[in-house]
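Asks: I am attaching a structure below and will ask some questions about it afterwards.
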Amino acid sequence: MRKKALFAKLDAAGRLALPKEIRERWHAAPGDILRIEQQQDGSISIQKELQSEAQVLDHLAEHALKEFRQGKTKSLDEVLREMES
């Protein structure tokens, strides 16, 4: 399978904007960490790293708040009662 070539341009500050197609495929968002490696042949590989612990906690907190606002949460007493029965 032939790889599709995508192009990006550096800005004056040396920043590189990833093409939209790649950002969408990776579900990339501001703050995501990318690993850039130069290979022995001079080529460069870019990989999306796993989310940082802070990003994971932020996501969990957002999910918990959403569940709370929808009334889908339980008190600790309710959880304990369920565990005991």
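Bear in mind these aren't lab numbers, they're just calculated from the coordinates by the rules spelled out. Only a predicted model underlies this, so the values are computations on that prediction, with no experimental measurement involved. Here the Cβ positions follow ideal geometry from the backbone for every residue, glycine too, while neighbour counts run over all protein chains shown.
Asks: Restricted to Cα positions, what overall size does the chain have along the principal axes? Three whole-Å values, descending.
Replies: Computed over the Cα atoms, the extents are 63, 27, 26 Å.
Asks: Tell me which GluC sites (Glu not before Pro) from the stretch 7-79 have a DSSP coil assignment and no more than 12 other beta carbons within 10 Å of their own. Numbers along the way, then the final one.
Replies: Numbers: sites: Glu21, Glu24, Glu37, Glu49, Glu53, Glu62, Glu67, Glu78; in loops: Glu49.
Here the GluC sites (Glu not before Pro) that fit, given the DSSP loop and packing criteria, are Glu49.
Asks: Cut-off under 22 Å on the C-alpha distance; same-chain residues fewer than 8 positions from Lys74 excluded. Which lysines are left, in chain and number order?
Replies: Lys66
Asks: Classify the stretch 1-50 from the C-alpha gyration tensor, please: rounded if a/c falls under 1.5, else prolate or oblate depending on whether a/b exceeds b/c.
Replies: rounded
Asks: Let me ask another. Sort out for me the Cα centre separation of the stretch 1-23 from the stretch 33-85, rounded to whole Å.
Replies: Distance between centres, Cα-based: 27 Å.
Asks: Shifting gears a bit: Any idea what angle helix 53-69 forms with the longest principal axis of the chain, computed on alpha-carbon atoms, 0 to 90 degrees, nearest 10?
Replies: With rounding to tens, the tilt is 40 degrees.
Asks: Determine ³J(HN,Hα), in whole Hz, for all residues of the stretch 73-85 in sequence, where each value follows from phi through the Karplus function 6.51 cos²θ - 1.76 cosθ + 1.60 and θ = phi - 60°; x replaces Gly and Pro.
Replies: With coefficients 6.51, -1.76 and 1.60, one gets 9, 10, 6, 4, 4, 5, 5, 4, 4, 5, 5, 6, 8 Hz.
Asks: Work out which trypsin sites (Lys or Arg not before Pro) in the chain are exposed loop sites (DSSP not H, G, I, E or B, at most 14 other Cβ within 10 Å) and give the longest gap free of them.
Replies: On the way: sites that count: Arg2, Lys3, Lys4, Lys9, Arg15, Lys72, Lys74.
In the chain, the maximal stretch lacking such sites is 16-71.
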